[in-house]
Amino acid sequence: MNKKKIAAEYKRKIKTINKLNIFYFDKSKPLVSDAEYDKLKNEILVLEAKHNFLKSKDSPSKNIGHKPSKNFIKVSHRAPMLSLANAFSKEDLINFEKKIFNFLSVKKNFNIYYSAEPKIDGISASLIYKDGELKTGLSRGDGKQGEDITENIKTIKNIPKKINSKDFPIDIDIRGEVFIQNSDFKNLKEKFANPRNAASGSLRQKDPNDTKKIPLNFIAYTFGFEKGLSVNNQFDFLKKLNEWGFKTNPLNKLISGVDNLIENYNKVEKRRINLDFDIDGIVYKINDFTLQKRLGNVANAPRWAIAHKFSSNKATSEILGIDIQIGRTGALTPVAKIKPVNIGGVVVSNATLHNEEEITRKDIRVGDTVTVERAGDVIPHILSVDLKKRSKDSQEFIFPNTCPSCGSKTVKDFNSSTKKIDAVRRCSSEDYFCEKISIEKLKHFVSKEAFNIDGFGKKIVENFYRLKLIKYPQDIFTLKYDKIESLDGWGKLSIENLKYSINEKKRISLERFLYSLGIRHIGLENAKLISKHFNSFSNFKNLSKKNNYKDLINIDGIGETQVNSIKYFFSNKINLKILDELEKILTVTNAQIEKKNGPLKNKTFLVTGKLIEISRAEVKSLIETNSGTIVSSVSKKLDYLVVGEKPTNKKVINAKELNIKIINQDQFLKMLKKS
Ligand code: IVH
């Protein structure tokens with residue numbers, strides 16, 4: 001390969017890793033498995049090592065972690081928060097030890113002890129203690145500067161806030177991992193892809209009260225800056241951490257010799273699935289601090305430590321068939337049906353094939369023997385095809401050019417902003433013509449972030465659609481309950497509950513409403529922007545009459561793609577009819593314009609009991625959009641206690657004792673009008 005080509009390949013890889021970083025760190029939504037990420041990172045490092053003309057400020061050799069987000073104040077770490085080099089095999093470990101021996105210039109029989117610590121897959125944090133008091137909590141950020149997350153850190157129960165032990169250093173950064181237990185993560189599955197994202201999301205909440213809601217843990221394992229520390233090895237330091245009140249990993253071990261490291265690694269890997277926290281390897285640190293100091297660091301990782309990563313979960317299986325799934329926007333997604341195989345304790349029988357291109361690129365065929373990978377909560381996918389095992393009469397997979405559900409032509413759109421043809425093939429039918437698309441659109445309509453109809457799940461949508469009880473969104477509000485009563489699994493009570501949840505959702509904010517329509521390219525953020533622009537449902541609806549789509553482009557954040565999509569939505573008569581029908585049934589509340597100087601400025605509120613026809617979320621938003629603040633308990637800081645139906649008596653009694661103004665719903669609503 002010539003220099004130019006190498007540089008282009010390098011640039012492409014840097015661009016990809018940057019994108020992966022943004023999704024992983026800023027959006028907490030990883031695009032690929034850790035193994036795939038590590039592979040790419042390694043490829044970049046290898047290229048740099050081979051060709052010293054390759055340089056980039058965005059290279060993983062330069063960056064540790066990721067830049068801090070804008071929400072928190074940035075603070076420089078007193079000692080950098082380093083990264084760790086990775087080892088994947090016994091040879092890597094032998095090499096690691098050899099280099100250390102060479103560096104220290106000692107003989108082969110020199111005995112080095114390592115502190116072997118399971119590597120928890122969470123978020124690292126640095127806690128600054130002065131005179132035994134927890135002063136500041138910082139995230140790792142880019143290793144040099146972190147974010148000040150002190151208030152959020154303080155909500156973590158197993159972080160000591162005050163340490164009185166005599167031998168606790170007068171000034172020290174205690175470092176460790178913030179994580180969430182898998183058993184606690186179970187309740188958060190809907191919101192986050194994996195426990196690590198849940199921990200990261202929780203830790204970076206703007207409001208510490210939100211952090212408190214997600215039970216975080218902290219395990220300590222190292223220190224940064226220190227004054228007055230009187231231990232001389234890592235294992236003793238871990239013991240001290242315990243004495244000072246920190247939690248440490250119960251599986252930490254003191255080990256010497258590569259063979260013993262491997263034995264411990266295998267043991268821990270076996271126990272891995274039964275642990276209540278995710279670990280992705282074992283960190284080995286030279287135990288002796290004097291040796292650590294002598295060895296020092298290379299670039300951004302210490303020479304005296306390495307992370308021995310667990311291999312990702314892979315297995316061999318056979319492709320039994322390729323199904324085509326159809327999504328809400330008509331996208332055709334190929335899914336491989338594979339011979340069921342146990343990967344890391346989970347039986348896998350489906351693997352995503354992403355899109356048509358992926359099948360062509362990897363030349364995946366029915367009957368092929370393939371390697372399947374399942375990592376974390378990422379959907380299992382095909383890593384590679386074993387061509388040697390392919391039978392002679394195997395045939396290339398032909399992607400359907402008609403929709404398997406409705407028979408319409410399938411097309412690949414031209415993306416006007418990237419000037420490229422989409423990788424995704426779509427059913428070209430109009431909204432609500434294709435059965436599969438309709439079902440997906442209805443599922444979206446009732447989903448959590450849209451109408452959020454309790455008890456109206458995906459299975460119910462499918463059932464009701466097949467039984468012709470619903471076809472369009474408006475049908476949900478005019479359900480024939482007498483017909484449902486005769487269905488299997490439905491009784492009077494469950495029907496009453498369903499009726500109640502549906503009726504409850506007839507009042508909806510404009511932004512949620514716009515999102516629920518499932519217009520392509522109009523996600524939650526765009527729906528919010530559009531709702532602020534139009535302010536009311538009728539203004540939005542009139543768009544089709546005025547035919548004035550050009551104006552939409554003036555909305556900050558809305559581009560041509562979105563405008564075209566909205567135009568396309570209104571060009572379909574069925575959509576117009578849906579809007580008409582929904583308008584008759586629903587109360588769509590106008591977009592709220594935030595008032596910085598609203599009537600509730602400098603006032604704090606607490607609501608107890610249920611208010612009539614206003615949900616908790618709405619009260620919160622009402623108070624906040626009128627510049628008031630919600631507090632979580634009755635204290636001297638509270639100005640008004642709003643009392644609804646069935647209030648908590650204790651709160652009312654406490655408020656009376658503290659002479660806090662107690663008001664009812666009417667009085668509260670009147671306060672809002674005084675603007
Ligand atoms: S020591 C010397 N010890 O792994 C410097 N790190 O890739 C590195 N981690 O950012 C920190 N368990 O988030 C250390 N017992 C442990 C660890 C550990 C997990 C994480 C930590 C760090 C990353 C390094």
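The values are calculated or read from the model by the stated rules, or taken from the named source; none is laboratory data. As the structure is a computational prediction, the values presented were derived from the model and not from experiment. Positions of Cβ are backbone-derived with ideal geometry, glycine not excepted, and every protein chain shown enters the neighbour counts. For the accessible areas, the whole protein counts, side chains as well, though only heavy atoms, and no ligand, DNA or RNA atoms are used. Shrake-Rupley method; radii C 1.70, N 1.55, O 1.52, S 1.80 Å.
Please go through the stretch 167-179 and pick out each residue that is within 16 Å of the ligand (Cβ to nearest atom) and open to solvent by 10 Å² or more (accessible area, probe 1.4 Å). Across the stretch 167-179, the qualifying residues are R175, E177. Scanning the stretch 285-302 turns up no residue that is away from the ligand (no atom under 16 Å from the Cβ), surrounded by fewer than 17 Cβ atoms within 10 Å (Cβ to Cβ) and charged (D, E, K, R).
Can you tell me which of L606, L638 is part of a strand (DSSP E or B), in contact (Cβ under 8 Å) with a residue 12 or more places away in the chain, open to solvent by less than 40 Å² (accessible area, probe 1.4 Å) and out of contact with any Gly (no Cβ under 8 Å at 6 or more places or on another chain)?
Numbers: L638 fails: part of a strand (DSSP E or B).
On inspection, the qualifying residue turns out to be L606.
Considering each of S126, S115 in turn, give the residue that is more than 30 Å from K213 (Cα to Cα), of a type in the set (S, T, Y) and in contact (Cβ under 8 Å) with a residue 12 or more places away in the chain. Residue meeting the stated conditions: S115. Is it the case, given these coordinates, that D393 is farther than 30 Å from D278 by Cα, surrounded by fewer than 17 Cβ atoms within 10 Å (Cβ to Cβ) and touching a strand residue (DSSP E or B) at 6+ places or on another chain (Cβ under 9 Å)? No: the conditions fail for D393.
Scanning the stretch 569-587 for residues that are among the basic types (K, R) and farther than 14 Å from F477 by Cα yields K573, K577. Working only within the stretch 304-336, note down all residues that are surrounded by 15 or more Cβ atoms within 10 Å (Cβ to Cβ) and either of a type in the set (D, E) or touching a Gly at 6+ places or on another chain (Cβ under 6 Å) (or both). Of everything in the stretch 304-336, those that are surrounded by 15 or more Cβ atoms within 10 Å (Cβ to Cβ) and either of a type in the set (D, E) or touching a Gly at 6+ places or on another chain (Cβ under 6 Å) (or both) turn out to be A307, H308, K309, F310, N313, E318, R328.
Kindly evaluate E97 against the criterion of being among the charged types (D, E, K, R), under 25 Å from the mean Cα position of the chain (by Cα), closer than 29 Å to V258 by Cα and buried (at least 17 other Cβ atoms within 10 Å of the Cβ). Spelling it out, it is not the case that E97 is among the charged types (D, E, K, R), under 25 Å from the mean Cα position of the chain (by Cα), closer than 29 Å to V258 by Cα and buried (at least 17 other Cβ atoms within 10 Å of the Cβ). Looking for something within 24 Å of the chain's Cα centre (by Cα) and not in a strand (DSSP E or B) - is there at least one such residue anywhere in the stretch 331-343? Within the stretch 331-343, none of the residues are within 24 Å of the chain's Cα centre (by Cα) and not in a strand (DSSP E or B). Note on the stretch 178-208: residues that are part of a helix (DSSP H, G or I), within 24 Å of P160 (Cβ to Cβ) and of a type in the set (A, V, I, L, M) total 3.
Let's see how each residue does on (1) surrounded by 18 or more Cβ atoms within 10 Å (Cβ to Cβ); (2) assigned to a helix (DSSP H, G or I):
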{"residue": "I574", "(1), (2)": "no, yes"}
{"residue": "K577", "(1), (2)": "no, yes"}
{"residue": "V588", "(1), (2)": "yes, no"}
{"residue": "K596", "(1), (2)": "no, no"}
{"residue": "L600", "(1), (2)": "yes, no"}
{"residue": "I612", "(1), (2)": "no, no"}
{"residue": "V619", "(1), (2)": "yes, yes"}
{"residue": "E624", "(1), (2)": "no, yes"}
{"residue": "S632", "(1), (2)": "no, no"}
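Hey, does the stretch 320-341 have a residue that's at pLDDT 90 or above and within 16 Å of the ligand (Cβ to nearest atom)? No, the stretch 320-341 has no match at all. Does E226 satisfy the criteria of being within 16 Å of the ligand (Cβ to nearest atom), open to solvent by 10 Å² or more (accessible area, probe 1.4 Å), at pLDDT 95 or above and not β-branched (V, I, T)? Judged against the criteria, E226 is a match. Candidates in the stretch 84-105 are the residues that are part of a strand (DSSP E or B) and in contact with a helix residue (DSSP H, G or I) (Cβ under 7 Å, 6 or more places away or on another chain); of these, the one that is farthest from the ligand (Cβ to nearest atom) is A87. Residues that are open to solvent by less than 70 Å² (accessible area, probe 1.4 Å) number at least 3 in the following helices (runs of 4 or more DSSP H) confined to the stretch 475-537: 492-504, 510-516, 524-534.
When the criteria are applied in full, I174 fails the requirement of being among the β-branched types (V, I, T) and assigned to a loop (DSSP other than H, G, I, E, B).
Count of the stretch 107-136 residues, restricted to those that are small (G, A, S) and over 24 Å from S83 (Cα atoms), is 1.
Here N164 meets each of (1) at pLDDT 90 or above; (2) touching a Gly at 6+ places or on another chain (Cβ under 7 Å); (3) open to solvent by less than 50 Å² (accessible area, probe 1.4 Å) with one exception, condition (3). Which residues, counting only those in the stretch 444-474, are at pLDDT 95 or above, closer than 19 Å to R507 by Cβ and surrounded by fewer than 18 Cβ atoms within 10 Å (Cβ to Cβ)? Listed by number, the list is empty, since nothing qualifies. Residue count for the stretch 403-433 satisfying the condition of being open to solvent by less than 50 Å² (accessible area, probe 1.4 Å) and closer than 20 Å to L579 by Cβ: 3. Candidates in the stretch 67-79 are the residues that are crowded, with 17+ Cβ neighbours inside 10 Å and in a loop (DSSP other than H, G, I, E, B); of these, the one that is modelled with the highest pLDDT is H77. Tallying residues that are in a strand (DSSP E or B), out of contact with any Asp or Glu (no Cβ under 6 Å at 6 or more places or on another chain), at pLDDT below 90 and farther than 15 Å from A351 by Cβ within the stretch 367-421 yields 3. In the set V366, V341, V370, only one residue is within 27 Å of F185 (Cβ to Cβ), among the aliphatic types (A, V, I, L, M) and either surrounded by 15 or more Cβ atoms within 10 Å (Cβ to Cβ) or out of contact with any Phe, Trp or Tyr (no Cβ under 6 Å at 6 or more places or on another chain) (or both); that residue is V341.
Residue-level check: of (1) away from the ligand (no atom under 13 Å from the Cβ); (2) modelled with pLDDT of 90 or more; (3) crowded, with 21+ Cβ neighbours inside 10 Å, G257 misses just (3).
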